[in-house]
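For reference, the structure discussed in these notes is given below.
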Amino acid sequence: MPNAQSGFFEWVWFIFRTYAPMFLSGAGTTLLLALSGTFVGFIIGLAVGVVRTIQCRRADGLARYLLLKIVRGILAAYIEIFRSTPMIVQAMVIFYGSAQLFGITLPYMLAGFIIVSINTGAYLAEIMRGGIQSVDPGQQEAASAIGMTHGQTMLYVVLPQAIRNILPALGNEFVVNIKDTSVLNVISVSELFFVSKTASGTFYRYFETFFITSVIYFVMTFACTRLLRVLEKRMDGPENYTIHGSQTAPEGELKLKGGSAQ
Amino acid sequence: MSEPILAVRHLSKAFGDHLVLRDVNFEVQKGEVISIIGSSGSGKSTLLRCLNYLEIPSGGEVVSHGQVVGAPGFDLTKHRARVGMVFQSFNLFANMTVLENCVVGQVRVLKRGRDEAKQNAMRYLERVGMAAYIHDKPRQLSGGQKQRLAIARALAMDPEVLLFEEPTSALDPEMVGEVLSVMRKLASTGLTMLVVTHEMGFARDVSHRVVFMDEGVIAEEAPPEALFTNPKQPRTREFLSRYLGSNA
Ligand SMILES: Nc1ncnc2c1ncn2[C@@H]1O[C@H](COP(=O)(O)OP(=O)(O)OP(=O)(O)O)[C@@H](O)[C@H]1O
Ligand SMILES: [Mg+2]
């Protein structure tokens, strides 16, 4: 064990060696929460985004109209509230609120997962709305014109394009969550920040411990950012494609590479 | 005459307090090719869109097979599958290949099997000269090819009548011909067609009847020879002379 005269890196190395399993499991929990929370948040965002595209017309009957109005009001409130309050506060309110109001003591991990999911869902619902709106409405009209229902139009025409459009934002949300799950330490979720607090407390070595913590966070976010960028490139499909000449002028065939005519 | 495929009775449509269609009446018989002409803002597109309920009429009715379109219990999905539409801006499904564009409606709406749907799609893609491009995405196609694909997509549903909404207006001039020639071919096979167009040549040579719209009403309706050479209404005459020059 280093003593009071030991240098910074000696302490860093010592704490890292001593608490490696804890750091590892903390990082694992962080990644797991970020990944599952982003995934479920995506599903929530998708569902909310789609519900908000359902047309609300008086002509379709009063009951349906009122129901839709109410659902929309609730969804709008959800999005506004969760986007306008910090996740750390949401964590406290949900965790202690569910205990006090309903007598449910959620396991820490489950509580953390629920909070990240709902919080991410609120952001992704807005992003999803944008993604849906960016799909040319003419395609929806064409789908209606061949008799597709709103649900079919969404499923087969709009969502595949909308999801493709929001993938970068989704990846970004994931990376943000790797960092932001750290606030869940306030409800004792043993993610990376929480275990770091424990590790630093024993020897009162806060700087050295959190130096290690920041390196781990950086490596995780940096690696994920790069990985997502590679995936995005892949998704863009083959970079080459052909614009065929018209039948009347087949010589007008262009080969495009990376967006520029050759 | 037999029962019309579509009948429009006292149709009116208002956007807010702007009355765009006023008491429009007409019928479409099986096998007819009808051109709808008229100046910008006269309500041609709105009329066409009321026929498949993309616009909801404010008054009057559209009748299909004895049933009022949009009435309680009316099967709108079936109606729309029977009334095809080709749009000015193509509106192809960007996430699907050429073939898939023609298959999806058959499978999802008409509940046909995938193989049957593909075969049917291929038949129409061949007819419009797009069979060579079935694996391409719409963004890879030229404007003329896109519109021919849009026609095949509509035909693949085996509709009773095809509505064309200015099908050549968004095309570069050199591509107008290929689309018009497909439409002429379709007309000659006896397909029922309703064409909103500024192509007076097509209206005159191909259609059986020309409907001239002005300020939300059908101002004149006649076979093309009569309407183009001997228009009854002063406003028809004025419109045609603006469009075709003084020698019309
Ligand atoms: N969704 C809408 N909301 C409000 N006004 C509309 C809408 N659609 C059409 N209009 C108005 O209705 C009138 C008729 O439009 P419509 O598109 O039917 O004319 P058109 O004969 O097709 O004209 P064009 O030759 O320019 O296509 C126009 O004054 C237009 O501004
Ligand atoms: Mg129009």
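The values are calculated or read from the model by the stated rules, or taken from the named source; none is laboratory data. All of these numbers come straight from a predicted model, not from anything done at the bench. Here the Cβ is made from the backbone with ideal geometry for all residues, glycine too, and neighbour counts use every protein chain on show. Note: accessible area is taken over every heavy atom of the protein model, side chains too, but ligands, DNA and RNA are not part of it. Shrake-Rupley method; radii C 1.70, N 1.55, O 1.52, S 1.80 Å.
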So, with +1 on the Cβ of K and R and -1 on the Cβ of D and E, and no other charges, what is the size of the charge dipole of region A:8-261 about its Cα centre, to the nearest 20 debye? 340 debye
In region A:138-244, chymotrypsin sites (Phe, Trp or Tyr not before Pro) in a DSSP loop with at most 11 other beta-carbon atoms within 10 Å: A:Tyr204
Any idea of the accessible area per residue across the protein assembly as shown, 1.4 Å probe, to the nearest Å²? 48 Å²
Roughly how many percent of the accessible protein surface of region A:8-261 is carbon and sulfur, given a 1.4 Å probe and a whole-percent answer? 68 percent
Taking a ≥ b ≥ c as the square roots of the eigenvalues of the Cα gyration tensor, with a/c under 1.5 meaning rounded and otherwise prolate when a/b exceeds b/c and oblate if not, chain B is oblate
Hand me the chymotrypsin sites (Phe, Trp or Tyr not before Pro) from region B:1-63 located in a DSSP loop with no more than 10 other Cβ atoms within 10 Å, in residue order please. none
Could you please state, rounded to a whole Å, how far the C-alpha centre of region B:209-246 is from the C-alpha centre of region A:188-238? 74 Å
Could you work out the mean projected area of the convex hull around the alpha carbons of chain A, in square nanometres to one decimal? 21.4 nm²
With n ≥ 4 as the cut-off for DSSP H runs, can you work out [θ] at 222 nm for chain A, using -39500 (n - 2.57) per run divided by the number of residues, rounded to the nearest 500? -24500 deg cm²/dmol
Residue-wise, which Karplus ³J(HN,Hα) couplings in Hz belong to region A:198-213, taking 6.51 cos²θ - 1.76 cosθ + 1.60, θ = phi - 60°, and x for glycine or proline? 4, 4, 6, x, 4, 10, 6, 9, 6, 4, 4, 5, 6, 5, 4, 4
Determine which lysines satisfy two conditions relative to A:Lys179: a Cα distance under 22 Å, and not lying fewer than 8 residues away in the same chain. A:Lys197
List every residue whose amide H lies under 5 Å from the amide H of B:Gln88, counting only residues 5 or more places away in sequence or on a different chain, with H placed 1.01 Å from N in the peptide plane. B:Glu165
In the protein assembly as shown, taking the dipole from +1 charges on Lys and Arg beta carbons and -1 charges on Asp and Glu beta carbons about the Cα centre, the listed residue (B:Gly216, A:Ala111, A:Gly171) farthest towards the positive end is A:Ala111
If we count GluC sites (Glu not before Pro) as exposed when they sit in a DSSP loop and have at most 11 other beta carbons within 10 Å, what is the longest stretch of chain A that avoids them all? A:1-238
Have a look at B:Phe228, B:Ala203, B:Ala81 and report the one farthest towards the positive end of the charge dipole of chain B, computed about the Cα centre with Cβ charges (Lys/Arg +1, Asp/Glu -1). B:Ala81
So what's the net charge close to A:Phe9: Lys and Arg +1, Asp and Glu -1, counting the other residues with Cβ under 15 Å from its Cβ? 0
Tell me, what ³J(HN,Hα) does each residue in region A:39-47 have, in order and in whole Hz, if you take phi through Karplus 6.51 cos²θ - 1.76 cosθ + 1.60 with θ = phi - 60° and put x for Gly and Pro? 5, 5, x, 5, 4, 4, x, 4, 4
Return the value, in Å² to the nearest 100, of accessible area buried between chains A and B (probe 1.4 Å, both sides summed). 2400 Å²
Compute the distribution of all C-alpha to C-alpha distances in the protein assembly as shown, in bins of 20 Å from 0, and list the percent of pairs in each, rounded to whole numbers. 18, 39, 26, 13, 3, 0
In region B:92-157, what trypsin sites (Lys or Arg not before Pro) fall in a loop by DSSP, with at most 16 other Cβ atoms inside 10 Å? B:Lys111
Tell me which residues come under 5 Å, amide H to amide H, from B:Glu220 once H is placed; ignore anything under 5 positions away on its chain. B:Phe212
Could you name every residue in region B:135-174 that has 50 Å² or more less accessible surface in the full protein assembly than in its own chain alone (probe 1.4 Å, ligands and nucleic acids excluded)? B:Arg139, B:Gln140
Partner chain coverage, peptide B:85-94 - average Cβ within 10 angstrom: 5
In order over region A:127-143: 3J(HN,Hα) from phi, Karplus 6.51/-1.76/1.60, θ = phi - 60°, whole Hz, x for each Gly or Pro, gives 4, 5, 4, x, x, 5, 5, 6, 7, 3, x, x, 5, 5, 4, 4, 5
Once Lys and Arg are counted +1 and Asp and Glu -1 for all other residues with Cβ under 15 Å from that of A:Ile79, the total becomes +1
Using amide H atoms built in the peptide plane, which far-off residues or other-chain residues are under 5 Å from B:Val161 H to H? B:Gly84
